[in-house]
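What follows is calculated from the coordinates using simple rules that are stated; it is not laboratory data. Just so you know, these numbers come straight off a predicted model, no measurement behind them. So basically every Cβ, Gly included, is an ideal-geometry build from the backbone, and we count neighbours across all protein chains shown.
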Amino acid sequence: MTRKGRRLVFISTCACVLALSSGLVLSALHDTIVFFRSPSEVVGLTISPGTRFRVGGLVEPGSVERAGTFATFAVTDGGAAVRVSYSGMIPDLFREGQGVVVEGVMQADGNFKADSVLAKHDETYMPREVVDALKKQGHWQDAKGRGPTTGQPRPGN
């Protein structure tokens, strides 16, 4: 085999090994690449207790119960809701109807035990995935109060 032929075989072998290793890494990370899951996804999937992930959506109005530093509340995307329990300091921006992302583990009783709560930081910020989930459910309203399809201001605005 000539020098040029050996070089070509070496380069093609390296390219194949690189492609194979990239494919293996991407397939291993497939389930963990998602930043968070919507409540509809959590309800629709069979998630084993102890599985660690994030849930994002809106804090369901009327669902917040506090006792000292312990709080329970529901996170919803309009289609489903996930009950969350959290022990610790809740962010100052946390309130009903606001966007939130909670990180923790699913418990055997179907509730989500959070170890961190992230509330949106201003009036216009909401993660893109939450906005997309709310738009699919028909519950999205922009900063001017227009609904998803009508373009009409919501009552009171």
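Gain in length, Asp132 to Ser85, computed as 0.36 nm per residue apart minus the alpha-carbon separation, to one decimal in nm?
Extra length available between Asp132 and Ser85 comes to 14.4 nm.
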Whole-Hz couplings from phi, Karplus 6.51/-1.76/1.60, listed for segment 80-95; x for Gly and Pro:
8, 9, 10, 7, 10, 10, 9, 10, x, 7, 7, x, 4, 7, 6, 6
What are the residues whose amide H is under 5 Å from the amide H of Arg54, where those residues sit 5 or more places off or on another chain and H is modelled from the backbone?
Arg37
Provide the three semi-axes, in whole Å and in decreasing order, of the ellipsoid equivalent to segment 39-137 as defined by the square roots of 5 times the Cα gyration tensor eigenvalues.
19, 18, 11
Once you put a point 7 Å from the Cα of Asp92 and another 7 Å from the Cα of Arg52, both along the Cβ direction, what distance in nm separates them?
3.0 nm
Ordering 77-86, 14-23, 62-71, 96-105 by per-residue average of other C-beta atoms within 10 angstrom, highest first, gives 77-86, 96-105, 62-71, 14-23
If I stretch the segment between Asn111 and Thr72 completely, what's the gain in nm (0.36 nm per residue apart, minus their alpha carbon distance), one decimal?
13.0 nm
List the residues whose amide H sits under 5 Å from the amide H of Ser63, counting only those 5 or more places along or on another chain, with H placed 1.01 Å from N in the peptide plane.
Ala74
Gap in Å between the Cα centre of segment 52-72 and the Cα centre of segment 91-107?
5 Å
